[in-house]
Every structure is written in C-alpha cells, then in structure tokens.
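The values are calculated or read from the model by the stated rules, or taken from the named source; none is laboratory data. Since the model is a prediction, treat every value here as computed from it, not as a measurement. Cβ atoms come from the backbone with ideal geometry, glycine included; neighbour counts cover every protein chain shown. The protein model used for the area step is the full one, side chains on, heavy atoms only, and it has no ligands, DNA or RNA in it. Shrake-Rupley method; radii C 1.70, N 1.55, O 1.52, S 1.80 Å.
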Amino acid sequence: MVAPAHFNPEEILATLIRHGVKFVVIGAYAAVTQGWPELTTDIDITPSRDVRNLQRLAEALLEMDAKALTSEGEIDESWPIDDQHLRLQETTFLTTRFGDVDIVINPAAAEGYPDLVRASESFLLSVGGARVRVAKLERVIASKRISDRPKDRDALPRLEALLRHIRKSQK
Amino acid sequence: MYYTNEMRAGDLIYLARARAGMTQAELGERSGVAQNAVSRIERGQIDPGFATVVALVRACGFELQTSFATHDSSYARDVRRRLALSPRERLDVAVDLAQATQRAALAGAGASRSSERTA
C-alpha cells in the first residue's frame, strides 16, 4: 500500500507548465479555485490528446516520479508512463512525489480538451506562479451530474448553491 | 439521509421501527409479520425478501426509496492508503490538504474574474 505524498498541487502544475503540457484543470480542485470550501486530495486534469502533448505529459509525470495506482491504492509497476498508455486510458490514477494526479482524457459532460479549452468553458488562473486553464464551475457541476457517484450526489447541492451565489453576485 | 450497501435489511427495519417509536410487537401487529420474525430479521437471522422489507418499512410509516448510483471504489482506495499511515502522518496529510486547498482558494479569489475569464 502506497501512502499519499505531501500534496503540493502548485508543484504539479508548475512541472506540467514547464514541460509545455496543454491541459485543463477539472474536478474538485477547479471548484476550489472558484470558492468551493472543501478539501480535495488530488488534482484532476484533461490534457490535449495530440501525440506530442502526451509525450510532454509523460515526461513531466516521469520527472515527478509518477506511478500508476490500482483501484486498491497499490502501485501498478506494470503500467508504463508513456504517451501510448496515456492515450489509451480514459482515466489514469497516478501518485507523484507532489501528490496524486488523475489524468482524465474525456471528462463527463465534455468532449475532451478541445471542448474544455474554449473560453466559454474555462478560464486562465495564476496558481503558484503558473498560468493554468481551469474548468468553470458550471462545467464541473455538469460533469458531476453525469458521473453520479455517491460523492458527486453529496457535493452537488453545495456546488449548485455556490454557483447560484456567484451568478447572483455578478448581476 | 441515504444508506449505503453496508446496511443489512435488519438494520433498515430496526432504524425505521426506532424512528417510528414502535415495539417489535406493534410492528408485527401492524404489518402482519410475526413479532418473532421481526426480531429475527432485525438480528440478521432471517434475510427477508424485498417485498417484506418494503411492507415493514411502510408499516413504520415510511416509504422505502431506492436508487442507483455509479459505483466508485475511490473511497476504499483513499481509506486504505490513509490507514497505512501513523496518526501523526494522517494529521500531516490533512494539514497539507487544507493548506493546498486554501492556497487554491486564495488564487481564485485573488484573480480578477472578469479579466481572467476572458484570457
């Protein structure tokens, strides 16, 4: 059983940016940047699927000593960190020396990176000195509605309340 | 409130009866299920059919609502990984998460939403 590393998402993002990876931050971490007041234990990203980008992503992950995790939380040494495997997996659960990273090629309620990267779906944010593209709260909510896991059902009322509050305050 | 699949039928019946403030005898009388059977169901000695569970819950004054959710094993994975830590290490991880979350929230709050969103 591999213990979770100290969570430093800024280092994860900075490493990805340094390697020139094109990606969008999705999931709970994206929601936190927009006011969701809850803890998240990992960072979820959707990368561009073009081969060169996945190669850069693999290089960045290797620099962070990334290892694939099984659903039981064990390290899967048989799973190589390379662009081919990243492209073939819909979702890859990884642990790195800066914390856990989930690579989600096609998040629920979106057609992957080309969909998320549009200005209507995401925005640029400075996180720890890195400029990263983050999925808008509306997109996070749509994704959770479709995923429909117990934890999504639990989070949705609070996410929707946050969105209502944001919209109201922007009027 | 929703219940997980860790719950047995007997637990569900017990909770419904307790919330209704009924005795096993009263539930038996109202549902037509023998008091002895109610007792054995609650203790897990009898695994009742779905229709019986529905009837007993209804006799307590409730409707049994069921629904599907997408299976998710990530809780189990996270729990196992945290149990592998010492209590002190678990606290350290929790502090890390809280600090990282706070930094992310501050980054979002510090950004000019209008200009950032159009970038």
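Residue by residue, here is whether (1) at pLDDT 90 or above; (2) facing chain B (nearest Cβ under 10 Å) holds:
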| site | (1), (2) |
| --- | --- |
| A:88 | no, no |
| A:107 | no, no |
| A:119 | no, yes |
| A:132 | yes, yes |
| A:138 | yes, no |
| A:146 | yes, yes |
| A:158 | yes, no |
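Okay, residues lined up against (1) open to solvent by less than 30 Å² (accessible area, probe 1.4 Å); (2) modelled with pLDDT of 85 or more; (3) under 30 Å from residue A:133 (Cα atoms); (4) β-branched (Val, Ile, Thr):
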{"position": "B:64", "(1), (2), (3), (4)": "no, yes, no, no"}
{"position": "B:85", "(1), (2), (3), (4)": "yes, yes, no, no"}
{"position": "B:112", "(1), (2), (3), (4)": "no, no, yes, no"}
{"position": "B:119", "(1), (2), (3), (4)": "no, no, yes, no"}
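When restricted to residues that are out of contact with any Leu (no Cβ under 8 Å at 6 or more places or on another chain) and either of a type in the set (Ser, Thr, Tyr) or more than 7 Å from every other protein chain (Cβ to nearest Cβ) (or both), the range B:57-81 contains 14. Determine whether residue A:16 is away from chain B (no Cβ under 14 Å), out of contact with any Lys or Arg (no Cβ under 6 Å at 6 or more places or on another chain) and either open to solvent by 10 Å² or more (accessible area, probe 1.4 Å) or touching a residue at least 40 places away in the same chain (Cβ under 8 Å) (or both). Yes: the conditions hold for residue A:16.
Is it fair to say residue B:96 is more than 7 Å from chain A (Cβ to nearest Cβ), in a helix (DSSP H, G or I), over 23 Å from the mean Cα position of the chain (by Cα) and of a type in the set (Asp, Glu)? No, not satisfied. Every residue in the range A:89-139 that is of a type in the set (D, E, K, R), under 30 Å from residue A:70 (Cβ atoms) and open to solvent by less than 50 Å² (accessible area, probe 1.4 Å), please. Result: A:100, A:102, A:115, A:133, A:139.
Of all residues in the range A:31-42, how many are touching a residue at least 24 places away in the same chain (Cβ under 8 Å) and either facing chain B (nearest Cβ under 9 Å) or open to solvent by 10 Å² or more (accessible area, probe 1.4 Å) (or both)? I'd like the intermediate steps shown before the answer.
Initially, the range A:31-42 is screened for residues touching a residue at least 24 places away in the same chain (Cβ under 8 Å), giving A:31, A:33-36, A:38, A:41-42.
Adding the requirement that they be either facing chain B (nearest Cβ under 9 Å) or open to solvent by 10 Å² or more (accessible area, probe 1.4 Å) (or both) leaves A:33-36, A:38, A:41-42.
Counting residues in the range A:31-42 that are touching a residue at least 24 places away in the same chain (Cβ under 8 Å) and either facing chain B (nearest Cβ under 9 Å) or open to solvent by 10 Å² or more (accessible area, probe 1.4 Å) (or both) gives 7.
Does the range B:16-27 contain any residue that is over 24 Å from residue A:134 (Cβ atoms), modelled with pLDDT of 90 or more, more than 26 Å from the chain's Cα centre (by Cα) and not aromatic (Phe, Trp, Tyr)? Yes. When A:55, A:84 are checked against the criterion of being open to solvent by 10 Å² or more (accessible area, probe 1.4 Å), farther than 25 Å from residue A:122 by Cα and in a helix (DSSP H, G or I), a single residue qualifies: A:84. Starting from residues that are open to solvent by less than 40 Å² (accessible area, probe 1.4 Å) and part of a strand (DSSP E or B), keep the ones in the range A:58-81 and report whichever is farthest from residue A:18 (Cα to Cα). Top of the filtered list is A:69.
None of A:74, A:138 is of a type outside the set (A, V, I, L, M) and more than 16 Å from the chain's Cα centre (by Cα) except A:74.
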